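Attaching a single structure in structure tokens format; questions to follow.
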Amino acid sequence: MPGKNEDHDALLAQYRPVVSFRVRRALGGDIPDWEDVVNEILTQVLEKVRNGEFRGECSLGTFIYTVTSRRIVDFIRQKTKILRNGPEPAEPLDPQESLESREKSDQLVRHIRTLKPKYRDVLFLFYFQELKREEVARRLGITPAKVSERLHYAQKLLRKKIIK
């Protein structure tokens, strides 16, 4: 039976360039996984031939083409499934928007610095340290209701300053 295995291996070696071309063309040559897909296809074809799933109703080339097409579709489905569940990439800001955003941030920082320390401290702890109201209240020695009141008033003052 070793002669039969050698025949299969020779046939697979013959079809490797064709399968590689088809996979690279379908997936794109810049995808690093294309060689793995080719190896999976050839291994799958060899297993199917040895298990008797290839009955000879069509040529071996047609059989390999069919297996290749199905594996390419499976690979693409798997990748799109992963992409669908992944986070959306952030759209890059154009330079003008980036500059405007930086200017607004600088302006906000300047306005925050002009606030009284009791408002500035509450804003810093709540928004920048991301502490809960109860933790801010404990650190400043005031009630959580007072924290909410100061946050609301500080935001009101900042809105007035930014609108001017």
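Rule-based calculations on the coordinates, nothing more; no lab input. All values derive from a computational prediction rather than experimental measurement. All Cβ positions, glycine included, derive from the backbone under ideal geometry; neighbour counts span all protein chains shown.
Please get the size of the charge dipole for segment 108-163, origin at its Cα centre, with Cβ charges of +1 on Lys and Arg and -1 on Asp and Glu, quoted in debye to the nearest 20. Don't jump to the answer; show the numbers that get you there.
Working: 15 positive and 5 negative charges, 67 e Å.
Dipole size: approximately 320 debye.
List the aspartates and glutamates whose Cα sits under 18 Å from the Cα of Lys104, skipping any in the same chain fewer than 8 residues away.
Asp94
Enter the angle in degrees (range 0 to 90, nearest 10) between the Cα long axis of helix 34-50 and the first principal axis of the Cα atoms of the chain, meaning the one along which they spread out most.
So the inclination is approximately 40 degrees.
How large is the helix-only mean residue ellipticity at 222 nm for the chain, computed as the sum of -39500 (n - 2.57) over DSSP H runs with n ≥ 4, divided by its residue count, in deg cm²/dmol to the nearest 500? Walk me through the numbers on the way to the answer.
On the way: 7 runs with 124 residues, N = 164.
Result for the chain: -25500 deg cm²/dmol, rounded to the nearest 500.
Hey, another quick one. Between Glu100 and Ile163, with labels modelled 7 Å along Cα→Cβ, what's the label distance in nm to one decimal, could you check?
Calculated label separation equals 2.0 nm.
Another one. Extension gain Arg138-Thr43, at 0.36 nm per residue separation less the Cα-Cα distance, in nm? Before the final figure, lay out the partial values.
Details: separation 95, 0.36 × 95 = 34.20 nm, distance 6.52 nm.
Full extension from Arg138 to Thr43 adds 27.7 nm.
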